[in-house]
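The values are calculated or read from the model by the stated rules, or taken from the named source; none is laboratory data. A quick note: this is a predicted structure, and the numbers were derived from the prediction, not measured. Cβ coordinates were reconstructed from backbone atoms using ideal geometry, including for glycine residues, and neighbour counts include every protein chain displayed.
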There are 2 protein chains.
Amino acid sequence: MNEAITLAVDCMGGDHGPRVTVAAALDFLAAVPDTAVVLVGLADVIEAQLKRRKASPALRARCRVHHAGEVIEMDEPPAQALRNKKDSSIRVAVDLVKDGAAHACVSAGNTGALMAISRFVLKTQAGIDRPAIVSVLPTMKGSTYVLDLGANVDCTPQHLLQFALMGAALVAAVEDKERPTVGLLNIGAEAIKGNEVVKEAGELLRASGLNFVGNVEGDGVYKGAADVVVCDGFVGNVALKTSEGLAQMLARFLREEFTRNVFTRLAALVAWPVIARFRRRVDPRSYNGATLLGLRGIVVKSHGSADRYAFRRALERAASEVRHEALARIAARFAPPAPGEALPAADDVGGKAAAA
Amino acid sequence: MNEAITLAVDCMGGDHGPRVTVAAALDFLAAVPDTAVVLVGLADVIEAQLKRRKASPALRARCRVHHAGEVIEMDEPPAQALRNKKDSSIRVAVDLVKDGAAHACVSAGNTGALMAISRFVLKTQAGIDRPAIVSVLPTMKGSTYVLDLGANVDCTPQHLLQFALMGAALVAAVEDKERPTVGLLNIGAEAIKGNEVVKEAGELLRASGLNFVGNVEGDGVYKGAADVVVCDGFVGNVALKTSEGLAQMLARFLREEFTRNVFTRLAALVAWPVIARFRRRVDPRSYNGATLLGLRGIVVKSHGSADRYAFRRALERAASEVRHEALARIAARFAPPAPGEALPAADDVGGKAAAA
């Protein structure tokens with residue numbers, strides 16, 4: 001395999017396992033030229049899937065199966081998985097990245113275990129205290145990158161600044177926006193202007209040299225108020241999952257209304273092409289693939305429930321980050337600044353703002 | 001006016017002022033028998049609106065206009081409004097509740113000012129450290145009460161416990177559910193199980209005697225995982241506004257798809273009754289009216305952008321809380337427990353849980 005980009009694919013993770021991951025990997029190879037995959041997991045199961053999918057010899061030549069004898073369960077404690085399962089599909093896939101046998105790895109498995117193993121094996125990039133989880137969301141204007149989405153429940157202002165620097169570097173690389181706008185997720189100016197951590201983070205961001213646009217409220221995320229929206233992992237996770245829940249509820253109600261009786265079903269038939277276009281536009285599967293940012297290697301987490309199309313999108317995301325040299329872009333952001341540059345050191349908190 | 005329930009209505013607040021609030025108050029009177037309103041604000045403006053709306057003498061007899069010479073701007077700092085505007089419509093409306101001239105007050109004005117003035121004038125109920133903002137959201141199963149939505153950005157576990165007790169008492173009163181389920185908003189078990197405050201709050205809730213169902217993730221809110229969902233005001237505000245933003249984006253995309261060309265417009269015509277039913281079902285206006293909970297008086301905040309229907313819904317909410325004696329129900333929850341009861345004292349933190 002001499003392709004430009006090689007992805008290590010954890011085939012065992014997620015709700016559907018190899019049935020989805022192997023099929024998605026073949027779809028990915030067919031769609032993205034000059035790529036290869038290392039399919040990691042129980043070799044016989046993966047081989048059986050490859051056979052079943054009847055991959056062409058050309059595609060098959062771009063797949064390598066790498067046996068890993070253990071599987072980490074979705075609810076297994078991360079520390080235990082890290083300690084005890086050295087031959088798990090996640091561990092082996094991450095090891096392949098570490099060893100240079102793959103450019104990136106993708107898993108739909110246990111998020112906590114993937115993060116713990118990636119941190120342990122790959123280590124964080126210089127200047128970064130904690131990796132963060134970043135994902136893309138659709139907005140009225142296009143899309144936005146939100147981080148952290150759950151890796152760090154308690155953050156200091158410095159952590160939020162680092163998230164902003166990482167996020168901006170990623171967007172600069174992948175979206176080809178040289179100076180992406182950065183917003184700080186906060187609550188309305190009306191009541192109180194956020195907690196101390198957020199206020200201090202705002203000051204650090206103003207002094208960071210980033211294209212900082214100030215506070216973004218919850219509704220601003222979907223209004224496209226910034227290319228990068230920064231928050232702690234607790235808030236980010238709640239915001240993301242609340243959105244998922246709301247979208248699911250609305251989809252269900254819409255379906256219920258269109259299937260209420262023979263007349264509504266007829267209306268559904270007529271409206272179907274329009275509804276289908278609408279659904280494609282906001283299809284969460286298109287946005288599948290959250291990056292574990294700040295590591296010395298590209299690791300992408302797929303939603304556990306991802307189907308074949310969604311998992312392929314996660315693979316495409318990983319490939320895109322490799323192609324656009326996202327890691328190098330992030331590393332450059334954290335390189336010691338040239339004399340006169342305003343990039344603050346990680347311990348430069350500045351004076352605490354007098355709370356309004 | 002000898003009606004059973006009298007509401008003090010701040011007619012000057014909100015994006016639309018008396019044009020909406022006065023019309024909504026008349027709608028409310030027409031819809032809900034045995035009620036009266038005190039219309040607070042610039043008397044001549046309110047009188048002009050009453051004239052314009054051509055209220056029947058019967059309705060007109062249930063309105064009293066109470067002049068208040070000042071108006072608090074939407075972006076005015078709360079402390080300044082509290083200090084300087086003793087004759088503002090918000091202040092006068094809250095004073096009417098304090099003096100017993102009204103059972104509750106409703107405002108679409110400046111949230112921070114309404115909270116500051118309500119706290120100062122009415123004081124908190126016994127045993128409650130901080131008032132919280134609670135609102136109702138639709139769910140797949142019906143509806144849920146979420147608090148706090150922005151009054152308290154930094155909360156202790158005890159505060160979260162108090163929110164739970166208040167919320168449960170409110171639901172017990174208004175929804176006639178004797179033992180409503182209570183959930184704690186938290187992030188997925190996958191990565192990390194929440195911050196220290198949330199973990200401790202979980203322990204307090206387990207020992208509280210409430211019908212506690214444990215952690216609720218963001219998507220659980222709309223799945224109807226609990227009748228009451230408790231969180232700090234930062235997280236709650238972000239979750240609420242993120243939902244608003246997502247709903248607006250989806251509504252816009254749906255409209256764009258249905259107005260794309262002559263064929264889609266035809267489809268829209270056919271599907272219109274179905275879409276209309278769907279919209280009614282999730283209409284945020286129906287859920288308008290957030291209660292400032294924990295005060296010695298009922299204060300309801302309407303969304304600033306509320307239209308006539310939405311503002312009327314906020315009035316109906318206030319009247320419902322009066323009718324169901326929500327304040328007495330909350331006070332009873334915070335009364336000293338009978339011997340042998342498990343209600344913990346406010347300073348009973350218990351041992352910190354060893355983090356998993």
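Here is how the numbers come out for the structure above:
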| read-out | value |
| --- | --- |
| For B:Ser208: the one exception among (1) buried (at least 21 other Cβ atoms within 10 Å of the Cβ); (2) touching a Leu at 6+ places or on another chain (Cβ under 9 Å); (3) more than 29 Å from A:Glu73 (Cβ to Cβ) | (1) |
| Residues that are out of contact with any His (no Cβ under 8 Å at 6 or more places or on another chain) and of a type outside the set (A, V, I, L, M), drawn from the range B:3-13 | B:Glu3, B:Asp10, B:Cys11, B:Gly13 |
| Any hit, the range B:290-306, residues being within 13 Å of chain A (Cβ to nearest Cβ), assigned to a helix (DSSP H, G or I) and out of contact with any helix residue (DSSP H, G or I) (no Cβ under 7 Å at 6 or more places or on another chain) | no |
| Residue in the range A:15-22 that is surrounded by 15 or more Cβ atoms within 10 Å (Cβ to Cβ), without any contact (Cβ under 8 Å) to a residue 60 or more places away in the chain and over 27 Å from A:Lys85 (Cα atoms) present | no |
| Search result, residues across the range A:116-149 that are within 12 Å of chain B (Cβ to nearest Cβ), within 21 Å of A:Arg296 (Cβ to Cβ) and surrounded by 24 or more Cβ atoms within 10 Å (Cβ to Cβ) | A:Pro131, A:Ala132, A:Ile133, A:Asp148, A:Leu149 |
| Set A:Ala58, A:Ala101, A:Ala93: member being assigned to a loop (DSSP other than H, G, I, E, B) and either over 22 Å from the mean Cα position of the chain (by Cα) or more than 14 Å from chain B (Cβ to nearest Cβ) (or both) | A:Ala101 |
| Output for the range B:14-55, where each listed residue is over 24 Å from the mean Cα position of the chain (by Cα) and outside any helix (DSSP H, G or I) | B:Leu42, B:Arg53, B:Lys54, B:Ala55 |
| Tally of residues being in contact with a helix residue (DSSP H, G or I) (Cβ under 7 Å, 6 or more places away or on another chain) and either in a helix (DSSP H, G or I) or within 14 Å of chain A (Cβ to nearest Cβ) (or both) across the range B:61-90 | 7 |
| Selection count where residues are free of Cβ contacts under 8 Å to residues at least 24 places away in the same chain and not in a helix (DSSP H, G or I), scope the range A:264-289 | 1 |
| Subset tally (residues that are surrounded by 21 or more Cβ atoms within 10 Å (Cβ to Cβ), under 17 Å from A:Gly109 (Cα atoms) and free of Cβ contacts under 8 Å to residues at least 40 places away in the same chain) for the range A:23-77 | 2 |
| Enumeration of residues in the range A:244-274 that are within 16 Å of B:Met249 (Cβ to Cβ) and facing chain B (nearest Cβ under 8 Å) | A:Glu244, A:Gly245, A:Leu246, A:Ala247, A:Gln248, A:Met249, A:Leu250, A:Leu254 |
| Residue among A:Val182, A:Val235, A:Val228, A:Val198 that alone is buried (at least 20 other Cβ atoms within 10 Å of the Cβ), within 9 Å of chain B (Cβ to nearest Cβ) and farther than 30 Å from B:Asp283 by Cβ | A:Val198 |
| Residue in the range A:243-251 that is over 30 Å from A:Glu178 (Cα atoms) and of a type in the set (S, T, N, Q) present | yes |
| The range B:157-180, residues that are more than 19 Å from the chain's Cα centre (by Cα) and either more than 27 Å from A:Asn186 (Cβ to Cβ) or modelled with pLDDT under 95 (or both) | B:Glu178, B:Arg179 |
